[in-house]
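In what follows, a single structure is set out as structure tokens and then discussed.
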Amino acid sequence: MLWHAPFQDALSAAQTRRHRVLLINLGGVSQVELEKTLWPRAEVRAEVLASSAALLPERLGQESLGLSLSGQERDFPTRLPALAGTLPGGAILALHLLDPKPTPFLRWLTERLTPWAYVLRAGEDGAQLTPPERLGPALTETEPLARDVLATRLSRALTGRPRRPAVLIGARGRGKSSLLGEVAAKLTVGDELVVTGPHPNATKQLRKTAKAGGRNLTHQPPDWLLSQPTPPKQLLIDEAAGLPLPTLLALLEQVPRVVVASTTEGYEGTGQALRHKFLTSLRARWPEATVWTLTTPLRFGHGDPLEAALDDAYGASPTAPESWRPTSGVTRLKADAPAEALATLYQGLREGHYRARPEDLARLFNDPALERWCLGGEGKVQGAMLLKPEGGLPRRLAEAVRRGDRRPGGHHGASIICAQLGRTEGLTLRSLRVARLAVAANARRQGAGLGLLAAARESALAQGQDFLSVSFGATAELLRFWRAGGFRLLRLGHQPRPGSGSPAVLLIAPLSPAAGQMVHGLGPRVRAETRHRLGPGGPPLSPALRLALLGALPKTSELPPWIEEDTARWLSGEVVLEEVSAAVLQRLEDTARTGGAAHATPALEALSERLLLGRPWDGLAQRLQLHGRRETEEALRRALGIALGTLQERSQGSGPDDPKRA
């Protein structure tokens, strides 16, 4: 092995600088042989292989002695950046990328990573080692605060005045978990400190550091903490991005003193929801909250070439904007679009969509059926959209799916209609699913999203597609957006999704008479099932989302006169709400559907919870900062009266949420 001696010299130099080493195997050495050479001790090699094969939630936040990954693994696009973040300085990442039939993504990724790596290739005299062409970046970042000073600031959030949470963020390898462990170790032993996170392994490094400082801590599951009658007084939350957002918010609401740590820029996608949904509203809910960012790496040294290589492939690439700039307006990328265009489009998705993942980047390269749309402006990606063809399957196969005998891949929305709603047309009709839609923060609320949806509709109609579909973790804002784009609610999930903490919803926009008939036929079922899930037996929903879902229910036939008569009696104060609740609920639904509920929203949300969940009057009064039932019910009357007045004004034309105006 002529290559081994010079590689060992390079490894020794890298360990001195605390740099991680990227070794790409393109032939000349088998994977098994290379693993034995790099990690000759059996126990070390076994730990490396276990780390390489571990489930991602169990490894994030920990350190690995080394990694050996194959590009032929199905989830390689995600595992590579996620597990690489667990490597400390001096460790080796061995990538086995020799593939006789590489995918376009693997071919591009190999080209992208090779300049930063030691590369093994087959030669006449055995494997030949080529050194890296590029070096890691020079030191340009400086930590805004010394770690000991920052530790003191974080300690104050756990010992000072309540309701002043501190949030610690940074890229992987910055030592967030270790810093929290140091803070825990220095607190007074008598303090009631609790540690939680998405998985016990996610808090392992924190607890290990705290133990080294003389403090033993145990991991407490977040759901268990929320179920306890008395919350802890102090709480450390590590790897917070792995928690559903409602769970994270509930912990902050219940525990008076909290410090949160999380990665917000994880290449593997973790942290996107925290960055998009949590940090943007943190100070609105907790005005005295503080956010600290760690920039200096702790797990490895400055100028680490592996971090530079992964950032070049998965992060903000400095070369793509120079070699490819989108044209202004909405355009569809051609099948032979350059790799730089796909990489730049992925950056637009990653910056604008909380669920963008590395597999989206791989899909952009590998899926020839995927429609890739770009909204350009000022030479930059202002929006991105991915459309996936679905359906068009034989009726016999659709029947098998409806019975539960088959589940064809790549037909997510269409399969739900068939298997969950019992309509085989979902799979026999042809459709386009909006797999991703993202708009840059500076281009939102200017019609950019609806412009992309208009392009999707035109593309589907030109191809003779029957409908568009979309599925997402429900929020009131997203539901209003998709309804404004002509989409109709077909299904509300019965349990929260792990990532968003909200139930999933499926909406479709019918384009053909056949799809319109399918939606019409499903109306009564959708209405009945959704109304039930808005009640006590359904999934947990925010008040705003519950009201938005009420307004998204399919319309009933013409309402009988008693609906308006009974509602008028309640509005005038002749009867109490319980005597005419069915009529009032119907009129509340009407206002929510047309946008009249935009007025006095907190009161209308309270009204919906009283009617659908039976919330006690004293709880509603406390939320609205009112006194007693009489004052609270009068406030609800006024709110609905205002909304109905707005509804009557809009009845002369289409409301803002009317699909006809999208």
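The values are calculated or read from the model by the stated rules, or taken from the named source; none is laboratory data. These figures come from a predicted structure and were not determined experimentally. Methodologically, a virtual Cβ is constructed for each residue, glycine included, from the backbone with ideal geometry; neighbour enumeration extends over all protein chains shown. Side chains are part of the model used for accessible areas, which takes the heavy atoms of the whole protein and leaves out ligands, DNA and RNA. Shrake-Rupley method; radii C 1.70, N 1.55, O 1.52, S 1.80 Å.
The angle between the Cα long axis of helix 581-594 and the longest principal axis of the Cα atoms of the chain comes to about 60 degrees, rounded to the nearest 10. Would you mind telling me the share, in percent, of accessible area of the chain contributed by carbon and sulfur at probe 1.4 angstrom? Here carbon and sulfur together make up 52 percent of the probe-accessible area. When only alpha carbons are used to place a centre, segment 353-393 and segment 103-125 end up 26 Å from one another. Relative to the longest principal axis of the Cα atoms of the chain, the long axis of helix 104-113 lies at roughly 50 degrees. Label segment 518-624 by shape, choosing from rounded, prolate and oblate, from the square roots a ≥ b ≥ c of the eigenvalues of the Cα gyration tensor; if a/c is under 1.5 it is rounded, and otherwise prolate applies when a/b is larger than b/c, oblate when it is not. Oblate, since a/c reaches 1.5 and b/c is not below a/b.
For K233, a cut-off of 24 angstrom between C-alpha atoms picks up these lysines, skipping any fewer than 8 places away in its own chain: K176, K186, K204, K208, K211. With the Cα gyration tensor of segment 1-143 giving a ≥ b ≥ c as the square roots of its eigenvalues, does the rule (a/c under 1.5 for rounded; else a/b larger than b/c for prolate; else oblate) give rounded, prolate or oblate? Since a/c stays below 1.5, the shape of segment 1-143 is classed as rounded.
Does the chain come out rounded, prolate or oblate, given a ≥ b ≥ c as the square roots of the eigenvalues of its C-alpha gyration tensor, rounded meaning a/c under 1.5 and, failing that, prolate meaning a/b above b/c? The shape class here is oblate.
Once the 1.4 Å probe is applied to the protein heavy atoms, the chain comes out at 45 Å² accessible per residue. In this calculation the C-beta distance from R156 to T230 is compared with R0 = 41 Å, giving a FRET efficiency of 0.95.
Of all DSSP beta bridges in the chain, what percent run antiparallel (nearest 5)? Counting DSSP beta bridges with both partners in the chain, the antiparallel share is about 55 percent. Segment 187-224 and segment 414-473 have Cα centres separated by 44 Å. Summing Lys and Arg as +1 and Asp and Glu as -1 over all other residues whose Cβ lies under 11 Å from the Cβ of R207 gives a net charge of +3.
Using the Cβ-Cβ distance between Q517 and S542 with R0 set to 35 Å, the FRET efficiency works out to roughly 0.55. Count Lys and Arg as plus one, Asp and Glu as minus one, and take only other residues whose Cβ is under 13 Å from that of L577; the net charge is then 0. In sequence order, segment 611-625 has phi-based couplings of 6, 8, 10, x, 4, x, 5, 5, x, 5, 5, 5, 5, 8, 6 Hz under the Karplus curve 6.51 cos²θ - 1.76 cosθ + 1.60, θ = phi - 60°, and Gly or Pro positions carry x.
A straight Cα-to-Cα reach below 17 Å connects K380 with the aspartates and glutamates E322, E340, E351, residues fewer than 8 places away in its own chain not being considered.
To the nearest ten degrees, helix 147-159 and the longest principal axis of the Cα atoms of the chain are 30 degrees apart. Extension gain, D223 to V291: 0.36 nm times the residue separation minus the Cα-Cα distance gives 22.0 nm. Within the shell defined by Cβ-Cβ distances under 11 Å, the residues around W286 carry a net charge of +2, with Lys and Arg each +1 and Asp and Glu each -1. Using the Cβ-Cβ distance between Q72 and Q128 with R0 = 22 Å, the FRET efficiency computed as 1/(1 + (r/R0)^6) comes to roughly 0.45. Note on Q31 and T327: the model spin-label points, each 7 Å out from Cα along the C-beta direction, lie 4.3 nm apart. Label sites at S581 and A454, each approximated as a point 7 angstrom past Cα along Cα to Cβ, lie 4.5 nm apart. Of the trypsin sites (Lys or Arg not before Pro) found in segment 526-602, those that fall in a DSSP loop while having at most 15 other beta-carbon atoms within 10 Å are K555. Length available on full extension from V44 to K334: 0.36 nm per residue minus the Cα-Cα distance, which gives 99.6 nm.
The GluC sites (Glu not before Pro) of segment 525-584 that DSSP puts in a loop, and whose beta carbon has at most 11 other beta carbons within 10 Å, are E558, E574.
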